[in-house]
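Engineer: Once you've had a glance at the structure underneath, I'll fire off some questions.
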Amino acid sequence: MTRVGPDLRMPPLMDAAAPSPASPVDALRGAVNATVAAVAGKERALRSCPTLERPRKAGFGDFATNAAMLLAPVVGAPPRDVAARLGEELTARLGGALDRVEVAGPGFLNIFLADAWHREALGAMLAAGEAFGGGGAAGAQRIDVEFVSANPTGPLHVGHARNAAYGDALCRILAFHGHAVEREFYVNDFGSQVRNLGVSIQARARGQEPPQDGYQGAYVAELATQIEGAADRPVEEVARDGVAAMLARMQGTLEAFRVHFDVFFFERELHEGGDALVRHAYEELEGQGRTYRSEGALWLRTSALGDDKDRVLERSSGDHTYFASDVAYHQHKRERGFDRLIDVWGADHHGYVARMKAAFEALGGERDRLELLIMQFVHLVGGASMSKRSGEFVTMDDLIADVGVDAARWFLLARSHDTTVDFDLDLARQETAENPVFYVQYAHARIASLLAKAGSDAVSTALDAPDRGAALEGAERELVKKLLAFGEEVAEAAERRAPHRIATYALELAQVFTAFYRDCHVVGADGEVEAQRLALSVAAQRIIARALDLLGVEAPASM
RNA sequence: GCGCCCGUAGCUCAGUGGAUAGAGCGUCGGUUUCCGGAACCGAAAGUCGCAGGUUCGAAUCCUGCCGGGCGCGCCA
């Protein structure tokens with residue numbers, strides 16, 4: 001195992017000793033829960049678990065709760081009557097923060113908050129500073145995220161790019177949420193494919209064609225010229241140098257893509273010292289009574305743990321299967337003391353999920369502590385000008401050169417990992433508002449420009465006292481609410497392993513900011529109003545920047 | 001045959017129990033003495049694959065079908 005960079009756990013972004021104050025939304029939720037408890041009794045309140053929603057339609061209030069509909073059968077009263085009682089109680093609790101409540105539809109209680117609440121919320125967001133929206137994890141965990149793990153026998157292609165973007169963004173989000181994350185790359189530098197690479201390089205070095213089942217790509221010929229004595233040295237050495245060269249090349253590509261791994265784990269290490277780590281895993285499995293011998297091979301009884309059939313670990317020839325390496329590798333990860341292991345795999349590996357989960361359990365692991373996330377495929381469309389040699393994948397380097405890192409990451413991250421991506425290269429190349437990533441970045445740059453125009457004195461004065469008591473326009477209230485939602489979006493994205501939610505949120509936030517920018521003139525507005533709007537702009541800029549950072553996309557001050 | 005993923009507007013996709021289902025692209029029509037027009041506004045556009053079920057309430061949960069993608073080695 002090779003550590004790259006400082007041998008340290010990534011520190012949580014937030015100071016765990018200084019819990020961030022409850023967000024304004026949490027406070028509101030607390031008030032609603034207390035209201036429910038007052039009306040229906042504590043026990044019933046706990047069981048009902050009412051929602052605090054953000055209604056789609058402005059007419060349905062800033063927030064809404066379904067508490068009355070949940071309580072109605074318990075209390076034995078019509079939902080709308082219950083809602084009315086809840087409304088009275090909530091009105092008393094919220095005081096000046098509340099504008100009004102309305103009972104609507106089948107029994108929703110719609111909550112309309114006063115300007116004062118929005119202004120206080122803005123102040124709370126600014127006070128939280130860079131930490132706003134983060135640190136929400138219920139319990140900080142040590143999480144290992146293994147991703148990319150491409151075979152070092154060929155260049156990275158667009159599928160790896162998606163895996164890299166996803167794994168890295170997930171790590172950024174988990175870390176911001178409050179976990180300690182380790183980024184890990186598993187290097188398959190052992191076995192027949194590596195030897196095959198050596199054979200292929202050697203053939204090229206000797207001016208011959210690689211064998212039919214060898215590696216045919218142009219990169220093999222390049223390696224043949226780079227590796228000294230490739231024609232004559234033992235094929236194992238050539239293979240080893242070939243792997244090292246490929247790995248270096250991959251790392252260069254990944255770093256350019258803003259993906260940095262903390263750990264590279266080499267499969268070869270599992271087999272050092274007479275397969276010590278593999279044997280160690282076998283002992284664990286035997287100790288748990290999970291293995292048996294049949295037809296001269298060593299089998300793992302995965303079928304007892306949800307797999308279709310049992311799997312071979314050690315072939316009758318005495319060789320270990322690839323699966324055996326995976327099992328030993330995961331045992332090693334277990335012993336490194338993580339609370340949770342996440343593997344990000346390509347869709348072509350989904351057939352291995354059941355056996356890996358079974359093996360993990362057979363090793364004595366808790367089934368839920370290993371997560372196997374499957375990335376669906378990437379389909380490039382509109383790439384007419386994207387040169388590619390026939391018969392070869394479009395490489396990750398090609399993609400980056402074509403559309404740039406920001407657009408590539410955005411387009412690969414904007415979709416849920418379990419749906420295929422149709423990557424629109426023509427759209428990704430555009431530098432206009434039709435391109436979502438450009439649109440979000442443009443909003444950020446526009447704020448930077450606006451703040452520069454106002455001047456740093458005016459901005460810092462505004463931040464000293466963001467709540468000026470000035471009345472708010474509708475667009476300002478909408479912007480405050482959208483900004484407030486950031487913490488919940490981060491939590492959802494982290495807990496559901498769904499970075500695409502951050503992309504969706506960032507685009508929506510940019511749209512809401514743009515509406516504010518259109519409706520509310522900032523610079524030169526009447527004194528107190530200008531200060532309040534500057535403060536709001538700063539909050540918007542910070543959160544757009546943070547959202548983009550979680551995706552690994554830059555937030556330029558000008559463009 | 002079995003397993004996993006997907007099926008929502010013309011296209012690409014958000015939306016894992018709430019109200020009249022949303023966004024981007026595309027199409028059509030508008031906007032410039034104004035903080036970034038590299039922009040902005042508006043309109044048309046849907047049988048949420050189909051059929052049952054659970055629920056006060058279903059795109060969402062359950063069952064069965066249909067369609068598409070992928071996978072089912074003592075390969076790695």
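Engineer: Name, by its number, the condition in (1) free of Cβ contacts under 8 Å to residues at least 60 places away in the same chain; (2) aliphatic (A, V, I, L, M); (3) closer than 14 Å to A:ARG172 by Cα that does not hold for A:VAL512.
Structural biologist: Condition not satisfied by A:VAL512: (3).
Engineer: Given the residues A:ALA475, A:ALA465, which is the only one that is outside the structural domain of A:LEU174 (by TED's automatic domain parsing), more than 12 Å from RNA strand B (Cβ to nearest atom) and surrounded by fewer than 20 Cβ atoms within 10 Å (Cβ to Cβ)?
Structural biologist: Testing whether each residue is outside the structural domain of A:LEU174 (by TED's automatic domain parsing), more than 12 Å from RNA strand B (Cβ to nearest atom) and surrounded by fewer than 20 Cβ atoms within 10 Å (Cβ to Cβ) leaves just A:ALA465.
Engineer: Select from the stretch A:428-441 the residues that are buried (at least 18 other Cβ atoms within 10 Å of the Cβ) and either part of a helix (DSSP H, G or I) or among the charged types (D, E, K, R) (or both) and list them in ascending order.
Structural biologist: A:ALA428, A:PRO436, A:VAL437, A:PHE438, A:VAL440, A:GLN441
Engineer: Shifting gears a bit: Among the listed residues A:PHE360, A:PHE323, which satisfies the condition of being of a type in the set (Phe, Trp, Tyr), surrounded by fewer than 18 Cβ atoms within 10 Å (Cβ to Cβ) and assigned to a helix (DSSP H, G or I)?
Structural biologist: Only one candidate qualifies: A:PHE323.
Engineer: Among the candidates A:ARG311, A:ARG336, A:ARG293, A:ARG301, single out the residue that is more than 24 Å from A:ASP144 (Cα to Cα), surrounded by fewer than 17 Cβ atoms within 10 Å (Cβ to Cβ) and in contact with a strand residue (DSSP E or B) (Cβ under 8 Å, 6 or more places away or on another chain).
Structural biologist: A:ARG293
Engineer: Looking for whichever is closer than 30 Å to A:ARG546 by Cα, more than 16 Å from RNA strand B (Cβ to nearest atom), assigned to a loop (DSSP other than H, G, I, E, B) and not assigned by TED's automatic domain parsing to the domain that holds A:HIS179 here; the options are A:GLY133, A:GLY129. Which one fits?
Structural biologist: A:GLY133
Engineer: If you check every pair at least six apart or on different chains, which have Cβ atoms under 6 Å apart with a residue in the stretch A:316-337 that is at pLDDT 95 or above first and a residue that is basic (Lys, Arg) second?
Structural biologist: The qualifying pairs are A:PHE323/A:ARG311.
Engineer: Filter the stretch A:49-69 down to the residues that are surrounded by 20 or more Cβ atoms within 10 Å (Cβ to Cβ), more than 6 Å from RNA strand B (Cβ to nearest atom) and of a type outside the set (Phe, Trp, Tyr) and list them by number.
Structural biologist: A:PRO50, A:GLY61, A:ASP62, A:THR65, A:ALA67, A:ALA68
Engineer: Just checking, which of A:ALA545, A:ALA506 is modelled with pLDDT of 95 or more, in a helix (DSSP H, G or I) and more than 12 Å from RNA strand B (Cβ to nearest atom)?
Structural biologist: Matching residue, one of A:ALA545, A:ALA506: A:ALA545.
Engineer: Please find, within the stretch A:408-447, the residue that is farthest from RNA strand B (Cβ to nearest atom) out of those that are in contact with a His (Cβ under 8 Å, 6 or more places away or on another chain) and small (Gly, Ala, Ser).
Structural biologist: Filtering first and then ranking leaves A:ALA414.
Engineer: Does the stretch A:341-360 include one or more residues that are without any contact (Cβ under 8 Å) to a residue 60 or more places away in the chain, among the aliphatic types (A, V, I, L, M) and more than 30 Å from A:TYR282 (Cα to Cα)?
Structural biologist: Among the residues of the stretch A:341-360, not one is without any contact (Cβ under 8 Å) to a residue 60 or more places away in the chain, among the aliphatic types (A, V, I, L, M) and more than 30 Å from A:TYR282 (Cα to Cα), which makes the answer no.
Engineer: Can you tell me which residue is surrounded by the most Cβ atoms within 10 Å (Cβ to Cβ) among those in the stretch A:103-126 that are within 16 Å of RNA strand B (Cβ to nearest atom), part of a loop (DSSP other than H, G, I, E, B) and touching a residue at least 12 places away in the same chain (Cβ under 8 Å)? Walk me through it before giving the result.
Structural biologist: Filtering the stretch A:103-126 down to residues within 16 Å of RNA strand B (Cβ to nearest atom) leaves A:103-113.
Add one more test, that the residue is part of a loop (DSSP other than H, G, I, E, B), and what stays is A:105-107.
When the remaining residues are screened for being touching a residue at least 12 places away in the same chain (Cβ under 8 Å), the result is A:106-107.
Details: A:PRO106: 13, A:GLY107: 22.
Selected residue: A:GLY107.
Engineer: Among the candidates A:ARG496, A:ARG533, single out the residue that is buried (at least 21 other Cβ atoms within 10 Å of the Cβ), farther than 19 Å from A:VAL440 by Cβ, within 11 Å of RNA strand B (Cβ to nearest atom) and outside the structural domain of A:ASP406 (by TED's automatic domain parsing).
Structural biologist: A:ARG533
The rows are residues; the columns are (1) charged (D, E, K, R); (2) over 27 Å from A:ALA164 (Cβ atoms).
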position	(1), (2)
A:ALA470	no, yes
A:LYS482	yes, yes
A:ALA491	no, no
A:LEU507	no, no
A:ALA510	no, no
A:THR514	no, yes
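Engineer: Considering each residue of the stretch A:70-96, count those that are under 17 Å from A:ALA38 (Cβ atoms), away from RNA strand B (no atom under 14 Å from the Cβ) and in contact with a Phe, Trp or Tyr (Cβ under 9 Å, 6 or more places away or on another chain), and give that number.
Structural biologist: 1
Engineer: Could you tell me whether A:LEU450 is away from RNA strand B (no atom under 11 Å from the Cβ), part of a helix (DSSP H, G or I), modelled with pLDDT of 95 or more and under 30 Å from A:ALA97 (Cβ atoms)?
Structural biologist: No.
Engineer: State whether one or more residues within the stretch A:58-68 are farther than 27 Å from A:HIS118 by Cβ and over 31 Å from the mean Cα position of the chain (by Cα).
Structural biologist: No, every residue in the stretch A:58-68 fails to be farther than 27 Å from A:HIS118 by Cβ and over 31 Å from the mean Cα position of the chain (by Cα).
Engineer: While we're on this one: Being more than 17 Å from A:ASP168 (Cβ to Cβ) and outside any loop (DSSP other than H, G, I, E, B) is the filter; apply it to the stretch A:405-427 and report the residue that is farthest from the chain's Cα centre (by Cα).
Structural biologist: Going through the qualifying residues, I end up with A:ASP426.
Engineer: If you don't mind, another one. For the stretch A:282-290, indicate whether the set of residues that are surrounded by fewer than 16 Cβ atoms within 10 Å (Cβ to Cβ), within 36 Å of the chain's Cα centre (by Cα), more than 30 Å from A:ALA175 (Cα to Cα) and touching a residue at least 24 places away in the same chain (Cβ under 8 Å) is non-empty.
Structural biologist: Yes, the stretch A:282-290 contains a residue that is surrounded by fewer than 16 Cβ atoms within 10 Å (Cβ to Cβ), within 36 Å of the chain's Cα centre (by Cα), more than 30 Å from A:ALA175 (Cα to Cα) and touching a residue at least 24 places away in the same chain (Cβ under 8 Å).
Engineer: Is it true that A:ALA498 is in contact (Cβ under 8 Å) with a residue 12 or more places away in the chain, among the small types (Gly, Ala, Ser) and assigned to a loop (DSSP other than H, G, I, E, B)?
Structural biologist: Yes, satisfied.
Engineer: Here's another thing I want to ask about it. Of the residues A:ARG268, A:ARG279, which is outside any strand (DSSP E or B) and within 26 Å of A:GLN226 (Cα to Cα)?
Structural biologist: Just one listed residue meets the conditions, A:ARG268.
The values are calculated or read from the model by the stated rules, or taken from the named source; none is laboratory data. All values reported here derive from a predicted model rather than from experimental measurement. A quick note on method: Cβ atoms are made from the backbone with ideal geometry, for glycine too, and the neighbour counts reach across all protein chains shown.
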